[in-house]
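To keep things clear, I will list the structure first and then write my remarks on it.
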């Protein structure tokens, strides 16, 4: 995804990313994707950082969810973002 973000012919409608992923974190994913598509809607999900930490990031997600524990909560957050 990260290597192909700038090469995609069609811009994605929404990127949903976790914060803690190993070699990169969610803020880096958002930053790289927004560099390729500045108006991209993004949702950061994390069970390890809170919204205050999210606000200190160099690139802020459009929305933050401390925990999307179910498919329904992920779907609802995604629908809200896409409607915005």
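Odds and ends about this structure:
- Filter result for residue 58 (surrounded by fewer than 11 Cβ atoms within 10 Å (Cβ to Cβ), in contact with a helix residue (DSSP H, G or I) (Cβ under 8 Å, 6 or more places away or on another chain) and modelled with pLDDT under 70): yes
- The set of residues from segment 68-84 being over 15 Å from residue 13 (Cβ atoms) and modelled with pLDDT of 65 or more comprises 71, 72, 73, 76.
- When residue 47 is tested against (1) at pLDDT below 65; (2) assigned to a loop (DSSP other than H, G, I, E, B), only condition (1) is not met.
The values are calculated or read from the model by the stated rules, or taken from the named source; none is laboratory data. Predicted, not measured: the structure shown is a model, and the values here were computed from it. Note: ideal-geometry Cβ built from the backbone for every residue, glycine included; neighbour counts use all protein chains shown.
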